[in-house]
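Some notes on the structure that comes next.
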Amino acid sequence: MQWKAIWGWSVAASAVLLAACAPVPAVVDIRQGINYQQDAVVDGNQALFGFRSLPKRAEAAAVSETAGRPVAEVSQCVQQQLQSQFKLPEDFYQVKTYADNAQTVALVNPFTKKEGLLFDISPSGVNSSEIRLYANGATLSNAWKRLPTRCR
């Protein structure tokens, strides 16, 4: 009787050891292969990211203002200022709308598609928002620094 018990335990122990030595299947990252830029719905210079929230920026904002208007109105104001004050055509900036109702208005080189100045506009209350201007490596003139104040 003891012989059968010892043999049973040795078979079980062998099975456990073999299972421990078996290669573990690699964990697959489900985000791998997702092209976030391609998944955006683009219409002219407008991009809608229906699944993504406003990204965190590595650098500190050069200018930060609180506006007493909703995000959409502030974004429209920034776009109008870019066209009227700085005489930029629509090809030179892009508007990105995110799932958390935030928007980014970014200056874009139409040839290289590289982004320059960024205006992040995020909700900070029911009818208020926060405007953050990021230089993104550029030197800001006083006119650029005053632009968020004009759209408060």
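The values are calculated or read from the model by the stated rules, or taken from the named source; none is laboratory data. Everything numeric here is computed off the predicted structure, so don't read it as measured data. SASA here: full protein model, heavy atoms, side chains in, ligands and nucleic acids out. Shrake-Rupley method; radii C 1.70, N 1.55, O 1.52, S 1.80 Å.
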Quote the accessible area belonging to Leu117 in square angstrom, nearest 10, computed with a 1.4 Å probe and with ligands, DNA and RNA left uncounted.
-> 10
Percent accessible area from carbon and sulfur atoms, segment 49-152, protein chains only, probe 1.4 Å = 48
Cα gyration tensor shape of segment 51-152, rounded if a/c is under 1.5, else prolate or oblate by comparing a/b with b/c = rounded
Cα gyration tensor category, rounded, prolate or oblate, for segment 76-131 with a/c compared to 1.5 = oblate
Surface accessible to a 1.4 Å probe, per residue, for the residues of segment 87-152, Å² | 52
